[in-house]
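Here the structure comes first, spelled out in C-alpha cells, and everything after it is commentary.
Values quoted throughout were computed directly from the atomic coordinates according to the rules given, and no laboratory measurement underlies them. Since we're looking at a predicted model, the values are computed, not measured. Here Cβ is always computed from backbone atoms with ideal geometry, including for glycine, and neighbour counts include all displayed protein chains.
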Amino acid sequence: MTILVIEQFRNGDADAVGRRFREKGRMLPAGVEFVVSWIDPASMTCYQIMEADSPESIQPWTQAWEDLVEFQVVPVLPSPQFWSRLQA
C-alpha cells in the first residue's frame with residue numbers, strides 16, 4: 001500500500017528534526033519502506049511517500065517523531081488503479 005505522509009514540523013523547528021535524523025536515522029519499523037520525500041521550506045512541511053502493509057504499520061514511526069512533527073497519514077492509490085476500480 002502506498003501512503004502519503006504530510007509532516008508539519010512543530011514550531012517550524014527543522015533543526016530539531018534534522019538533529020534527531022542524524023542521530024537516530026529514520027527509525028522505520030520492519031515492513032515499512034521509505035520511497036521519497038519533498039520539503040516545502042516556506043511552510044516547514046515535509047511530504048513523504050511510504051510503502052507499508054497498512055496505515056497502522058507506520059504508527060511506531062510516527063510515535064517516535066510526534067514530539068517534533070504533526071502527521072497526516074493518507075493512503076493513496078495510483079490513478080490508473082483508482083479508475084480501474086471505479087469501472088469494475
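If R0 is 25 Å, what FRET efficiency do you get for D53 and W83 from their C-beta distance, rounded to 0.05? Rounded to the nearest 0.05, the efficiency is 0.60. If I fit a long axis through the Cα atoms of helix 14-24 and take the longest principal axis of the Cα atoms of the chain, what angle between them do I get, 0 to 90°, rounded to 10? So the helix axis and the longest Cα principal axis differ by about 80 degrees. With R₀ set to 25 Å, the beta-carbon distance separating I39 from M1 gives a calculated FRET efficiency near 0.60. Near P78, once Lys and Arg are set to +1 and Asp and Glu to -1 for all other residues with Cβ below 13 Å from its Cβ, the sum equals 0.
Using the rule -39500 (n - 2.57) for each DSSP H run of four or more residues, divided by the residues of the chain, the 222 nm mean residue ellipticity is -8500 deg cm²/dmol. Note on S79, S57: ascending count of other Cβ atoms within 10 Å places them as S79, S57, the fewest first.
Give the order of V73, V35 when sorted by the count of other beta carbons within 10 angstrom, beginning with the fewest. Provide the component values of the computation, followed by the final result.
Details: V73 17, V35 10.
Starting with the residue having the fewest Cβ neighbours, the order is V35, V73.
Simple point charges give the picture: +1 on the Cβ of Lys and Arg, -1 on the Cβ of Asp and Glu, and for the chain a dipole about the Cα centre of about 140 debye.
When the chain is treated as a Gaussian network with alpha carbon springs shorter than 10 Å, the biggest mean-square fluctuation among A16, A30, A42 belongs to A42. With springs only between Cα atoms under 10 Å apart, run a GNM on the chain and tell me which of E70, E23, E56 wobbles the most. Taking springs between Cα atoms under 10 Å, the residue moving most is E23.
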